[in-house]
Amino acid sequence: MGKTVSGDLMVTSDQIQNMVRVVRGQRVLLDSDLARLYGVTTRRLNEQVARNRNRFPEDFAYQLTQQEFTSLMSQIATSKPGRGGRRKLPWAFTEHGVAMLSSVLNSPTAVRVNIEIMRAFVQLRRLMGTPGELVEQLRLLAETVQLHDDHIRAIEQVLNKMMERPESPKRRIGFHVQSDEGQA
C-alpha cells in the first residue's frame, strides 16, 4: 500500500478506496473527496473543471442529480443543508475523469495523489474481477449449492427412514399350527 504526502496529510490506497462510491453503476470519487486529497478547496477544483469542460465528457465526470445526492447523503456523513453545507450538487469523477484532473490541477501534490488514486482504482478492479468472471463464479457457486441441496435431501430421507419405527409383525388371531418342515 503506497503512501503519498498531500500537504501534511498521508494518503494511502486503502483510504482512497474507502472514498470510492458507486453511482450510476460506476465507481466514482466525489469532488469534495478529491479536493481534500489534492489539498485544494472543492470550489477551486470545480472551477478548474468548468474552465476545462471539454476535457470532461459525461463518461469522465458528471454532476449528481438531487436524488443521487440525497441517497449518498444517507450513506455518508455530510453536513446538513442550510448549515454551511453544499450549495451546489457535487460532481462525480470516474477513473478517467480523475486521470484528466491531474492535467488540469497541475501541481506536484496533484500528480502524487493522482498516482495513488490510480493504484486504488486498479486494486478495486482486481478485487472485483471482470463481470464475466463474476458471473461464471456465481454460476459455479449456484451449481455447487444445488448439488449440496440434493445431497442434504438424500441424507434427510435416509435419516427419516431410520427414525421411523419398524412395523411390528401383526399377530394373527386364532389357532396357529407350526409346521415342522424338517420332520417327515
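Taken together, the values in this text are just the output of simple stated rules run on the coordinates, not laboratory data. Every value quoted in this text rests on a predicted model; they were computed, and no experiment measured them. Neighbour counts run over all protein chains shown; Cβ positions are idealised from the backbone, glycine included.
Averaged over residues, the count of other Cβ atoms within 10 Å places the peptides 160-173, 19-32, 48-61 in the sequence 19-32, 48-61, 160-173, highest first. Computed about its Cα centre, the charge dipole of the stretch 132-178 is approximately 780 debye, with only Lys, Arg, Asp and Glu carrying charge at their Cβ. Projected label points at Glu136 and Glu167, each 7 Å from Cα along the beta carbon direction, are separated by 5.4 nanometres.
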